[in-house]
Amino acid sequence: MASIHPGAPDVCGDGVNNDCDHVDDDTRGTRFGDYTINSPSDLALLSGYSSITGELRISLSDAFPDHTNVTGLECLVDVDGCLHIHDNAALTNLDGLRGLTSVAGNLTIRGNHVLANLDGLNGLESVGGNLNISNNSALPPCAAEALVARLRAHGWDGTAEIIDNDETGTCP
């Protein structure tokens with residue numbers, strides 16, 4: 001059961017006003033154009049959208065060492081462009097993307113040095129382009145390989161480049 005209190009993240013589709021703001025689910029529809037998340041305030045502005053018509057870049061710099069996740073993007077279902085998740089100094093997980101099912105372009109996950117898993121992408125069913133998962137020094141290759149296997153099971157036939165991740169890491 002989701003938490004219900006002021007400031008709690010709304011859970012899309014549950015019909016509950018989790019954050020007590022008098023608006024159920026906070027689904028805001030489509031965000032048109034490209035969008036870059038460089039700060040927690042950028043992330044907050046995108047919260048509640050279910051679709052983005054352009055490219056999405058998530059790159060929270062060293063200036064935000066406490067920003068370890070992308071909570072607020074739970075409603076996002078599809079990105080009608082490329083998705084780049086790169087150079088996030090403190091990003092440990094992608095759980096805020098658990099509702100994402102489709103990326104129309106390339107998916108790049110690069111330079112996130114404390115990212116330890118890709119579990120937040122377990123709902124991803126299609127990528128229209130290629131996949132690059134590289135230079136994530138805490139991410140075991142088996143996590144990237146599991147994502148590729150799930151995508152292939154859904155018919156994806158793109159190219160996957162998985163390099164320079166944590167070669168000593170293991171998956172549960």
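The values are calculated or read from the model by the stated rules, or taken from the named source; none is laboratory data. None of the values given here were measured: they were computed from a predicted structure. Note that we place each Cβ from the backbone using ideal geometry, even for glycine, and neighbour counts take in every protein chain shown.
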Residue under question is Thr71, and the condition is that it be β-branched (Val, Ile, Thr) and more than 16 Å from Leu43 (Cβ to Cβ); does it hold? no
Residue in region 47-62 that is in contact with a helix residue (DSSP H, G or I) (Cβ under 8 Å, 6 or more places away or on another chain), modelled with pLDDT of 90 or more and charged (D, E, K, R) present: no
Criterion first (touching a Phe, Trp or Tyr at 6+ places or on another chain (Cβ under 9 Å), at pLDDT below 90 and surrounded by fewer than 18 Cβ atoms within 10 Å (Cβ to Cβ)) does Ser3 satisfy it? no
Which pairs turn up if I take residues in region 106-130 that are within 12 Å of Asp166 (Cβ to Cβ) and look for partners that are part of a strand (DSSP E or B) with beta carbon separation below 9 Å, at least 6 apart in sequence or on another chain? Asn112/Ile85; Asn112/His86; Leu115/Ile85; Leu115/Ile109
Restrict the check to region 128-142 and report whether at least one residue is in a loop (DSSP other than H, G, I, E, B), closer than 20 Å to Leu46 by Cβ and either at pLDDT 95 or above or under 11 Å from the mean Cα position of the chain (by Cα) (or both). no
Matching residues, region 58-76, being without any contact (Cβ under 8 Å) to a residue 60 or more places away in the chain and surrounded by fewer than 18 Cβ atoms within 10 Å (Cβ to Cβ): Ser61, Asp62, Ala63, Phe64, Pro65, Asp66, Thr68
Can you tell me which residues in region 96-107 are outside any loop (DSSP other than H, G, I, E, B), touching a Ser or Thr at 6+ places or on another chain (Cβ under 8 Å) and either at pLDDT 95 or above or surrounded by fewer than 19 Cβ atoms within 10 Å (Cβ to Cβ) (or both)? Ser102, Val103
Flagged in region 115-127 as crowded, with 19+ Cβ neighbours inside 10 Å and in a loop (DSSP other than H, G, I, E, B), in numbering order, are Leu115, Asn117, Leu118, Leu124
Quick one: would you say Gly169 is surrounded by fewer than 17 Cβ atoms within 10 Å (Cβ to Cβ), in a loop (DSSP other than H, G, I, E, B) and either modelled with pLDDT under 95 or β-branched (Val, Ile, Thr) (or both)? yes
Considering region 37-57 alone, what residues qualify as being out of contact with any His (no Cβ under 7 Å at 6 or more places or on another chain), within 19 Å of Val114 (Cβ to Cβ) and not in a loop (DSSP other than H, G, I, E, B)? Ile37, Leu43
